[in-house]
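Reading through the structure tokens given below for one structure.
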Amino acid sequence: MEMLTIGAFAKVSRLSPKALRLYDELELLRPARVDPDTGYRYYAAGQLERARLVAWLRRLGMPLASIREVCDLQERDARAAAAEIRAYWARVEAETAVRRDLAAFLVDHLSTPTREDTTMLELRYAAHSDRGRTRPANQDAAYAGRRLLAVADGYGPRGEGASGAALDALAALDTGDLPDGSVLGLLEDAVRDASRAVRETAGAEETGTTLTALLWTGSALALAHIGDSRAYVLRDGALFRITHDHTVVQSLLDEGRLTPEEAQSHPQRFLLLKSLSADTDPLPDLRLHEARPGDRYLLCSDGLSVTVPDEHIRRLLTDAGSPDDAVRTLTDAANDAGGPDNISCVVADVVVAGA
């Protein structure tokens, strides 16, 4: 068997000797032979394929634990290894998209000079929550105020208490003056308070809630999101979803393992990956969203988004006159489609102050 010194193997594999020693310690790429006297490592030519795969995956930024899984798969089933790489890259692209949006907002925010004639904006808003046609109780909660917009969808034996406790904890943001500090930091702290309130409500029960909230700064909206309730913005006639569902099915869609058509009937389509619950610490998505006069924002539980297609939601939001008209019309549409779940909607328009 042809053997290569660690230096020669490093050169042909494009991995440094230092990296090869590390991969040996981690049992990711063990040398074919180690000299018992000198401790010098030797590699077989047949190990080059695995070494080059490791080098390529490191260039992708894949964590070492994941690289080990892909390399072990590759030796048994190359197609399965390729599927794992595809799934990893889909996750990277999804995470990068969120960071890209935040970076774009910050660049725009910091590049725009302060105007002396800054237009004062405000929100006009309405909230409505409905039991739907089939559920015995309403475990949703909705809140709309001059600063805070929020929807929570409770689940479990104490779901109604969990959603209400979460919104009660956030409601302090809607009164008085906001303390100094980053608005995203303030919102994140409020979500932690909401999580503690949910844990106290849940006790030993398997109970929790989703939470999607927007905090108005006067020119932008800070978003906190965990679960599968959603936030949308209607801008210039187009509807954009500004949240990402934390569900098993959404993760499978992100990884390319499901098509949108398959997702609609998947048996785990309602299974949450993240929520505010008794046994987890919250890791909400946080971002800033620039607001423009004429924007119409919608927050809703999945009783609306699962039942009424996005295009229908867009038309209803476009045609409704006031936020109050909009929340009532959307609720009616979900009930007309069968109302299989509780339905909560918050609609807020960004308008010029005093207009």
- Residues of segment 242-258 that turn out to be farther than 11 Å from Leu271 by Cα and at pLDDT 90 or above, as a count: 3
- Task: Mind listing whichever residues of segment 74-88 are more than 22 Å from Glu25 (Cβ to Cβ) and in a helix (DSSP H, G or I)?
- Result: Arg76, Ala78, Arg79, Ala80, Ala81, Ala82, Ala83, Glu84, Ile85, Arg86, Ala87, Tyr88
- Query: Would segment 227-244 turn up any residue that is out of contact with any Lys or Arg (no Cβ under 8 Å at 6 or more places or on another chain), within 23 Å of Asp349 (Cα to Cα), buried (at least 19 other Cβ atoms within 10 Å of the Cβ) and among the acidic types (Asp, Glu)?
  - Reply: yes
- Residue list for segment 203-226, restricted to those being surrounded by 21 or more Cβ atoms within 10 Å (Cβ to Cβ), touching a residue at least 60 places away in the same chain (Cβ under 8 Å), within 28 Å of Val351 (Cα to Cα) and in contact with a His (Cβ under 9 Å, 6 or more places away or on another chain): Leu211, Thr212, Ala213, Leu214, Leu221, Ala222, Leu223, His225
- Task: Would you point out the residue of segment 260-297, among those that are hydrophobic (A, V, I, L, M, F, W, C) and in contact with a Leu (Cβ under 6 Å, 6 or more places away or on another chain), that is surrounded by the most Cβ atoms within 10 Å (Cβ to Cβ)?
- Result: Leu276
- The condition of being within 23 Å of Ser251 (Cα to Cα) and modelled with pLDDT of 85 or more holds, among Leu64, Leu73, Leu53, Leu20, only for Leu73
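Here's the yes/no breakdown for (1) at pLDDT 90 or above; (2) part of a loop (DSSP other than H, G, I, E, B); (3) more than 18 Å from the chain's Cα centre (by Cα):
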{"site": "Gly161", "(1), (2), (3)": "yes, no, yes"}
{"site": "Leu167", "(1), (2), (3)": "yes, no, yes"}
{"site": "Gly176", "(1), (2), (3)": "no, yes, yes"}
{"site": "Arg192", "(1), (2), (3)": "yes, no, no"}
{"site": "Arg196", "(1), (2), (3)": "yes, no, yes"}
{"site": "Gly218", "(1), (2), (3)": "no, yes, yes"}
{"site": "Ala231", "(1), (2), (3)": "yes, no, no"}
{"site": "Phe240", "(1), (2), (3)": "yes, no, no"}
- Restricting attention to segment 22-48, which residues are surrounded by 13 or more Cβ atoms within 10 Å (Cβ to Cβ) and part of a helix (DSSP H, G or I)? Leu22, Tyr23, Asp24, Ala45, Gln47, Leu48
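The values are calculated or read from the model by the stated rules, or taken from the named source; none is laboratory data. This one's a predicted model, so the numbers in the text were calculated from it and none came from an experiment. Cβ atoms come from the backbone with ideal geometry, glycine included; neighbour counts cover every protein chain shown.
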